[in-house]
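See structure below.
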Amino acid sequence: MMTKEFATRIQATSQTGIEDLIPDPDDVTISFAGGLPDEHLFPQAELATSFQRVLLKGTDNPLQYHNAKGYLPLRTYLQQMMAAEGTTVTLEQILLTQGAQQGLDLVAKLLLNKHDKVAIEAPTYIGGLAAFSAYEPDYLEIPMQADGLDVDLLEQLLTTNTIKFLYTVPNFQNPTGFVMSLAKRKKLIALAKKYHFIILEDDPYRHLRFAGEDLPALQALDNSGHVISLGSFSKILAPGLRLGWLVATPDLLTEIRLLKDGSDLETPAIIQQAVTDYLVHNDFQAHWQKLQQDYREHRDWMSAALTKYLPSGYQFSHPEGGFFLWLMGPNNVNLEHLLREKIAPENHVLFVPSTNLYARKNVCNCARLSYAGATHEQIDRGIQLICAALTPELEFSK
Ligand SMILES: Cc1ncc(COP(=O)(O)O)c(C=O)c1O
């Protein structure tokens, strides 16, 4: 097909850079690029037992079509889990999705016409940009600060801009690892009410806090129907399940469900039923605690390696949960260039340069490093290699 026949959306989606995140595996590359969980902690045997039990003894027809709402016992489990965390919702407000990623697509599909405005954190999750860009919005980039996006700037912009929604990852943000403060959460909800926009709360790392205090979800703080929130089993169970959930008011959810019908009819019943069986037969909280401990150790290894090897002029964040650490270099360093020209081909180490994490692709001196999926040895070796490559760049760019 000739490219001029493609829809206009392809121009934006073909430039997101999301394909670089998870290259085909090889034996030499150390990757801090993709947000891959530690695969040693997938509860493989327990999930195998659950799949077998559901297939051989299940009474809810796991191989049949069902409907787009999702498996009732799983929605009930999630409703109770959220209630324990301070979010009260009805079963009619929960939709099972194929990962949080599908939720991003469905919400954009629900709300965006071409050139509608969306406020996003800058930097932001690359998959958010990939999902939204297909609907050709105009982005308002709101800079990230250590306690969440700059809500004062957002407020200023809202006096002259109408936005359809604001997209945020409030906990252990992808890519910075920052957490939005309680004060900013409350202010954001007040702004959503005043200026009539939806807050799209994407929260897949919520249960992976390994230091500090949990903060209430935006969904829990809102009593006015302005928040759509997304959760996921990807980071706390396994991403191969492709299972997540979306929470919204019943009227929004009805429309979203119709869009899901048109997209994939439903989230696979067998996956929903096997995960429910897993949740019934295993101590899920104990599993999270193991993950939290593991990721704290990974974070510590990466922090220690960076402290040891990083040349002066660079800084990095110290996340209290999640998968990501944010590396900030001097303004005149181009980490994307360095990655493509040197670190990937010669040192065989990967990370995500900041360029593609900004809608305008105008910040090149930062990088996202994922500590979650690599072993301690890989972390130490990979960071050493990256830092050795950074040192001449710094001298060169003086
Ligand atoms: C912030 C954020 N949202 C959504 C996703 C996609 O998650 P899922 O696997 O549930 O689709 C990710 C995955 O890395 C993520 O970091």
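Bear in mind these aren't lab numbers, they're just calculated from the coordinates by the rules spelled out. It should be emphasised that the depicted structure is a prediction, and the values quoted were computed from it without experimental measurement. We place every Cβ from the backbone using ideal geometry, glycine too, and count neighbours over all the protein chains shown.
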Label-point gap, in nm, between Lys342 and Glu255 - each point 7 angstrom along Cα→Cβ | 5.1 nm
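At a temperature of 4 °C and a viscosity of 1.567 mPa s, determine how fast the stretch 160-276 diffuses translationally according to Stokes-Einstein, using the Kirkwood radius over alpha-carbon pairs as Rh; express D in µm²/s, rounded to the nearest whole number.
Working: Rh = 15.7 Å.
Taking Rh from Cα pairs, D becomes 83 µm²/s.
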Per-residue Cβ contact counts at 10 Å, fewest first, order Ser232, Ser50 as Ser50, Ser232
Based on DSSP H runs of at least 4 residues, each adding -39500 (n - 2.57), what is the mean residue ellipticity at 222 nm of the chain after dividing by all its residues, to the nearest 500 deg cm²/dmol?
-> -12500 deg cm²/dmol
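Below 8 Å, C-alpha to C-alpha, sequence gap of six or more: please give me the relative contact order for the chain in percent. Before the final figure, lay out each step's value.
Details: 693 pairs, mean separation 92.5, N = 398.
After rounding, I find 23 percent.
Looking only at the stretch 44-281, where both bridge partners belong to it, what percent of the DSSP beta bridges are antiparallel (to the nearest 5)? Please list the in-between numbers first.
On the way: 10 of 27 bridges.
Taking every DSSP beta bridge within the stretch 44-281, about 35 percent pair in antiparallel fashion.
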Using just the C-alpha positions of the stretch 98-203 as equal point scatterers, what log10 of I(q)/I(0) does the Debye formula give at each q in 0.14, 0.21, 0.23 1/Å?
-> -0.48, -1.14, -1.37
Identify all aspartates and glutamates with a Cα-Cα distance to Lys4 below 20 Å; exclude those on the same chain that are fewer than 8 residues away in sequence.
-> Glu136
Which entries in the list Lys235/Lys361; Lys184/Lys361; Lys193/Lys260; Lys260/Lys342 go over 32 Å, if you measure between the two C-alpha atoms of each?
-> Lys260/Lys342
Listing Thr13, Thr59, Thr355 by rising number of other beta-carbon atoms within 10 angstrom, fewest first, gives Thr59, Thr13, Thr355
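Mean projection of the alpha-carbon convex hull of the stretch 44-281 over all orientations, in nm²? List each step's numbers first, then the result.
On the way: hull surface 50.1 nm².
Hull-based average projected area comes out at 12.5 nm².
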Measuring from centroid to centroid over Cα atoms, what is the spacing of the stretch 146-208 and the stretch 36-86 in Å?
-> 30 Å
Within 10 Å, count the other beta carbons around each residue, average over each peptide in 383-389, 65-71, and list them highest first.
-> 383-389, 65-71
Return the lysines within reach of Lys187: Cα separation strictly under 21 angstrom, same-chain partners fewer than 8 residues apart disregarded; answer none if there are no such residues.
-> Lys117, Lys164
Coarse-grained scattering of the stretch 1-156 at q = 0.16 Å⁻¹, given as base-10 log I(q)/I(0) from a Debye sum over alpha-carbon atoms = -1.29
What is the set of long-range amide H partners of Val227 at a cut-off below 5 Å, with H atoms built 1.01 Å from backbone N?
-> Ile199
Express the relative contact order of the stretch 214-299 as a whole percentage, based on alpha carbon pairs under 8 Å and six or more residues apart in sequence.
-> 19 percent
Amide H to amide H under 5 Å from Ser232: which residues, 5+ apart in sequence or cross-chain, H placed 1.01 Å off N in plane?
-> Trp245
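What relative contact order, as a whole-number percentage, does the stretch 44-281 give when Cα pairs under 8 Å and 6 or more residues apart are counted? Mind dumping the intermediate values first?
On the way: 390 pairs, mean separation 69.5, N = 238.
It rounds to 29 percent for the stretch 44-281.
Taking every pair of Cα atoms in the stretch 232-309, average 1/r, invert it to obtain the Kirkwood radius, and report Rg/Rh to two decimals.
On the way: Rg = 17.9 Å, Rh = 15.5 Å.
Result: Rg/Rh = 1.15.
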Starting from the coordinates of the alpha-carbon atoms of the chain, obtain the Kirkwood hydrodynamic radius over all distinct pairs and give the value in Å to one decimal.
-> 21.9 Å
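I'm a student and want to see the number: the projected area of the Cα convex hull of the stretch 266-383, averaged over all directions, in nm².
Numbers: hull surface 41.3 nm².
Its Cα hull, projected and averaged over all orientations, spans 10.3 nm².
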In terms of the ratio Rg/(2.2 N^0.38 Å) built on C-alpha atoms, what value belongs to the stretch 44-108?
-> 1.32
Say R0 is 51 Å: what FRET efficiency, to the nearest 0.05, do Thr391 and Lys194 get from their beta-carbon distance?
-> 0.55
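Given the convex hull of the Cα atoms of the stretch 271-318, what is a quarter of its surface area in nm²?
Taking the Cα atoms of the stretch 271-318, their convex hull projects to 4.9 nm² on average.
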Separation of the Asp283 and Lys57 label points, Cα + 7 Å toward Cβ, nm = 2.2 nm
Percent antiparallel among DSSP beta bridges confined to the chain, rounded to 5, stands at 50 percent
If you bin the C-alpha pair distances of the stretch 333-382 every 5 Å from 0, what whole percents do you get?
-> 5, 21, 25, 23, 17, 7, 2, 0
